[in-house]
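The values are calculated or read from the model by the stated rules, or taken from the named source; none is laboratory data. Given the structure is predicted, the values throughout are model-derived calculations rather than measurements. Backbone-built Cβ (ideal geometry, glycine too); neighbour counts: all protein chains shown.
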Amino acid sequence: MTVLPPAATQNGSLGQTNPLLSGWSPPDETPPFAAIRPEHFKPAFDCAMADHLVEIEAIATSPDAPSFANTIVALERSGRMLEQVSAVFHALAGAHTNEALMAIEREMSPLLAAHRNRIHLHDGLYARIKELWDTRDGLGLMPEAARVLERYDVTFRRAGAGLPAEAKGRIAAIGERLAALGTAFSQNVLADEQAYLLVLDGDKDLAGLSESVRAAARAAATERGIPDKHAITLARSSVELFLRSSERRDLREKAYEAWIARGNGGGATDNKAIIAETVALRAERARLLGYPTFAHYRLDDAMAKTPQAVEALLERVWPRARARAMADRDALQELIRQEGGNFDLAAWDWRYYAEKLRKARCDIDAAEIAPYLTLDNMIAAAFDTAHRLFGLAFRERCDVPVWHPDVRVWEVSGPAGQFLGLFFGDYFARSAKRSGAWMTMLRTQHKLDGEVRPLIINVMNFAKADDGEPTLLSFDDARTLFHEFGHGLHGLMSDVTYPMISCTRVATDFVELPSQLYEHWLEQPEVLRRFALHYRTGEPMPEDLLRRLLAARTFDQGFATVEYTASALVDLAFHQAAEAEKIDPAAFEADVLARIGMPAEIGMRHRSPHFLHVFAGSGYAAGYYSYMWSEVLDADAFEAFRETGDVFDPATAARLRSDILAAGGSRDPGEAYRAFRGQLPTADALLRKRGFAEAVAG
Ligand SMILES: [Zn+2]
């Protein structure tokens, strides 16, 4: 193993010129974004990785017998610089990228994977961890420390530690290749999104679009350098708004076809070969580690534990959702007939006619809602909910360096006024931003050497209004804002000692519990009455509209559940395939959809060639079901509040804080949930929430 000179000397010369390696800006110790340039990353990564390896060697070759302090705690203290550089890099690569950063991402992702392999497959290091694990009962560890030791043992074993040298070598090579494939996948999707723009020319092209949709389309055109025009991009919020309201069937088809073709267009940005290779390599790695398929490997360390448990849930929901969707399809087709249309409902028609059906059935119009949902008021609503539940307070800070002028920062404090962390909100769609919405961290919480508080980021892709106008959200957008803020609270309220288990470092099928649970408060009349105020008049949403909005909650849940569950089933199928080496992704996806009886009029929420959750890194690979698994928990968890008669019940909120939000990964997820609720839930509350409850009785 080549080891560069110790970091102290390296930092001495580089730190003066490289802002990534010098200490971060006081008083908050946040990254000095204005000073960071792409060329700083490569030397900073090199230096930080070398630094980390020196630390690792010192731990692994220590002459002292392994102890929790000289091995696990030392590992927890190691690699700080690398974590810092990586956090800044990944924040920028997601929310504010450019050609230079994308090139570094391609270069660094296999190198970072190789770096992780050198640690996880280090024989001397694993021998010390294993010795501690084998003698754990005699170590006298406190519960949190015991959990951290367990997580180290599990993490190393799952990475291939302890296997014969040949298997380890192959696992390392697979890991590096997968990292490169994941980066390429993600960059291809972004490239396809950046390359496309549907320019709307003249009034005819704008037919059906409300003033707020037009404003968003003007902003999108301006952002792409064609001011005074209107344009639709492939960002979900842009294209979905258009599909919902455009009267132009030909343009809807155009936009829809471009949207679902991301990563699937042939040529340099086509992702199908990447999918085939990724699936094959994941399967091979799983077999080397002793699992029959990647899904078995993945789920073994999740709350679900087995593919069978996941299938049982998805298969309970699927027929009910599909039956509802088929009935809705017939109603939409009837609507077309009544209007004199002589065509079959197609996937690019669903949202448009569903919107009409919503108006007819629930007497509700998306254009009627948006003027009451300003971005600022929805942020205020999310903050106020956190205040009522947990006593948190938010103060906007304009002096903290950010990566784009639209990013806002708040200082968050707890009920006793104690500093909890900084919260960064980056809300608007930009072409340099990956699509979707996510939460990430610039720094994680821990107490290893005194209290270190987290720096939390929420990134969204809302269509920005014209200059000087307030940005208006759809109800779905507002729900996304609450969702990501729920993840944010999981980070901000974390209160554990060890970084390994802090904040959102929990099982993937548990991590959506705080976020999806938080969405419930957006739907409370008392929250909407205070914060859903008309952007011009300041008047609250009329009671009648509020009632209709909330009554419409389960409208089109057949569609929403079908598009999601289809993606979850396809993900699971890819990672359970018997002959993973021979997969033709397009044919495989089509086969799965045919087998489950996917309605032709509904597209998957994410088709495989742009399924970033699953193929841009392994984050949600064989794990897209997690949202529904967590929904079983969140539907049941919110009932815990409801049962008290007060959705802000202080005692229930206190348990949510201590057992879930503050606890991070310090407990097994099932155990943490039982502590909060007394027992594990069934899917009944989820089926009720989605409006499929009448089918449950049968
Ligand atoms: Zn989430």
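The table that follows gives values for the structure above.
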read-out	value
Search result, residues across the stretch 116-164 that are of a type in the set (G, A, S) and within 22 Å of R505 (Cβ to Cβ)	A145, A146, A159, G160, A161
Of the criteria (1) within 14 Å of the ligand (Cβ to nearest atom); (2) over 17 Å from the mean Cα position of the chain (by Cα); (3) not polar (S, T, N, Q), which one L513 fails	(2)
Qualifying residue in the stretch 551-558 (condition: modelled with pLDDT of 95 or more and of a type in the set (D, E, K, R))	no
Test: A382 is within 16 Å of the ligand (Cβ to nearest atom) and out of contact with any strand residue (DSSP E or B) (no Cβ under 6 Å at 6 or more places or on another chain)	yes
Evaluation of P405 against (1) assigned to a loop (DSSP other than H, G, I, E, B); (2) modelled with pLDDT under 95 (one fails), failing number	(2)
Tally, over the stretch 88-135, of residues that are more than 21 Å from S618 (Cβ to Cβ) and among the hydroxyl-bearing types (S, T, Y)	2
Residue within the stretch 496-504 that is within 14 Å of the ligand (Cβ to nearest atom), among the hydrophobic types (A, V, I, L, M, F, W, C) and in contact with a helix residue (DSSP H, G or I) (Cβ under 6 Å, 6 or more places away or on another chain) present	yes
Wholly within the stretch 53-155, helices (runs of 4 or more DSSP H) carrying at least 1 residues that are buried (at least 19 other Cβ atoms within 10 Å of the Cβ) and in contact with a Ser or Thr (Cβ under 7 Å, 6 or more places away or on another chain)	80-95, 99-120, 123-134
Helices (runs of 4 or more DSSP H) contained entirely in the stretch 488-602, each with at least 1 residues that are surrounded by fewer than 19 Cβ atoms within 10 Å (Cβ to Cβ) and either in contact with a strand residue (DSSP E or B) (Cβ under 8 Å, 6 or more places away or on another chain) or of a type in the set (D, E) (or both)	525-531, 543-551, 585-596
Residue pairs meeting the criteria (Cβ under 7 Å; at least 6 apart or on separate chains; first surrounded by fewer than 23 Cβ atoms within 10 Å (Cβ to Cβ), in the stretch 613-631; second in a loop (DSSP other than H, G, I, E, B) and modelled with pLDDT of 95 or more)	H613/H606; H613/Y624
Within the stretch 462-479, considering residues that are within 16 Å of the ligand (Cβ to nearest atom) and either surrounded by 24 or more Cβ atoms within 10 Å (Cβ to Cβ) or under 20 Å from V148 (Cβ atoms) (or both), the one modelled with the lowest pLDDT	D477
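Matching residues to (1) within 30 Å of P26 (Cβ to Cβ); (2) touching a Phe, Trp or Tyr at 6+ places or on another chain (Cβ under 7 Å); (3) among the acidic types (D, E):
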{"residue": "A366", "(1), (2), (3)": "no, no, no"}
{"residue": "P371", "(1), (2), (3)": "no, yes, no"}
{"residue": "F383", "(1), (2), (3)": "yes, yes, no"}
{"residue": "R388", "(1), (2), (3)": "no, yes, no"}
{"residue": "D406", "(1), (2), (3)": "yes, yes, yes"}
{"residue": "W410", "(1), (2), (3)": "yes, yes, no"}
{"residue": "A416", "(1), (2), (3)": "yes, no, no"}
{"residue": "L420", "(1), (2), (3)": "yes, no, no"}
